[in-house]
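What follows is calculated from the coordinates using simple rules that are stated; it is not laboratory data. Computed from a predicted structure; not experimentally measured. FYI the Cβ positions are ideal-geometry reconstructions off the backbone, even for glycines, and counts take in every protein chain you see.
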Amino acid sequence: MGSVFDKFLDRNKQKEIRIKYGDNVMHIIAALAYYTCCNKFHISEHAKQNPFIACLWHGNFLMMPYLYRKIRNIPNMSLVTSAHEDGIIVERYFAKFGLTSIRGSTGIHKGGAKALIQAIRELRMGKDIAVTPDGPKGPYKSIASGILSMAMKSGVAICGCRVKPKDFWELKTWDRFCIPKPFSRIDYYIAEPLILSQNMEIEEAREKLMRYMQEIDSL
């Protein structure tokens, strides 16, 4: 299905504009929401005191930098991003908050193995890692194997993260991208940790993480 912009710009020009200005547009939208809304934070002590793997759904990442800023005075997080154009935009957006990126998918292809090795290395050095396990293109709220291997091999706990605006717009994208409406309330969550045993079967770990994230979705 074509977009309304197809009437004025070809797809290559739309892509060029998204890559050039997308991070700035997100930054403005997020700042408007944060500074006009009543922000309430619900953060586990574990995340405040220990390195952790932040697990959040792809459609919920917009306000994540403001949540993370609440627990670290000095940014110490890398986000696993994809190598395609959306990943570039997200990478530039997070960089505005002093956060770095690791290029690669959370699956086994598209640079996933290289990204996994780098993420485990950074976790062992005491850095936090953020992963959208259903990114970069879904299915919606699915869990790729990368975050499971990351947690099991590093021994670092997963902390589920959620940003829950009272009023919001939901885009008609595969990830149902969420944009908080200004002058409302936003609740920010970093949940109690989930530890995946190194001896656990990958499918058992996937089911355990899915149940954990479903509990966070119900907050």
Report summary line: Among LYS48/LYS172; LYS96/LYS166; LYS20/LYS40, the pairs whose Cα-Cα distance exceeds 29 Å are LYS48/LYS172; LYS20/LYS40
Query raised in the report: Taking the simple approach of a point 7 Å from Cα along Cα-to-Cβ for both ARG176 and LEU32, what is their distance in nm?
Result: 2.4
Query - SER142 paired with ILE117, simple spin-label distance in nm, labels 7 Å along Cα-to-beta-carbon - result: 2.6
**Report entry** Shape box of the range 8-217 [Cα atoms, principal axes, largest first, Å]
**Finding:** 54, 38, 30
Query raised in the report: Spin-label point model (7 Å from Cα, Cβ direction): what's the ALA95 to LYS166 distance in nm?
Result: 3.7
Report task. Please give the contour-minus-distance gain from GLU192 to ILE74: 0.36 nm per residue of separation, less the Cα-Cα distance, rounded to one decimal in nm. Result -> 40.3 nm
Query raised in the report: Once the Cβ-Cβ distance between SER218 and LYS153 is put in as r, and R0 is 25 Å, what FRET efficiency do you end up with, to the nearest 0.05?
Result: 0.30
Query raised in the report: Taking θ as phi - 60°, what are the ³J(HN,Hα) couplings along the range 131-146 by the Karplus curve (6.51, -1.76, 1.60), each to the nearest whole Hz, with x for Gly and Pro?
Result: 9, 9, x, 9, x, x, 9, x, x, 4, 6, 9, 10, 6, 6, x
Report summary line: Summing +1 per Lys or Arg and -1 per Asp or Glu among the other residues with Cβ less than 14 Å from ILE28's Cβ gives +1
Query raised in the report: Summing -39500 (n - 2.57) over the DSSP H runs of n ≥ 4 in the chain and dividing by its residue number, what mean residue ellipticity at 222 nm do you reach, to the nearest 500 deg cm²/dmol?
Result: -12500 deg cm²/dmol
Query raised in the report: Expressed as a rounded percentage, what relative contact order does the chain have, with Cα pairs under 8 Å and six or more residues apart?
Result: 26
Requested in this report: For the range 40-163, state what percent of all Cα-Cα pairs lands in each successive 5 Å bin, counting from 0 Å until the bin that includes the largest distance.
Outcome: 2, 12, 24, 27, 22, 11, 2, 0
Query raised in the report: Using all Cα-Cα distances in the range 120-185, what percent lands in each 5 angstrom bin from 0 up to the longest?
Result: 3, 14, 19, 19, 15, 13, 10, 6, 0
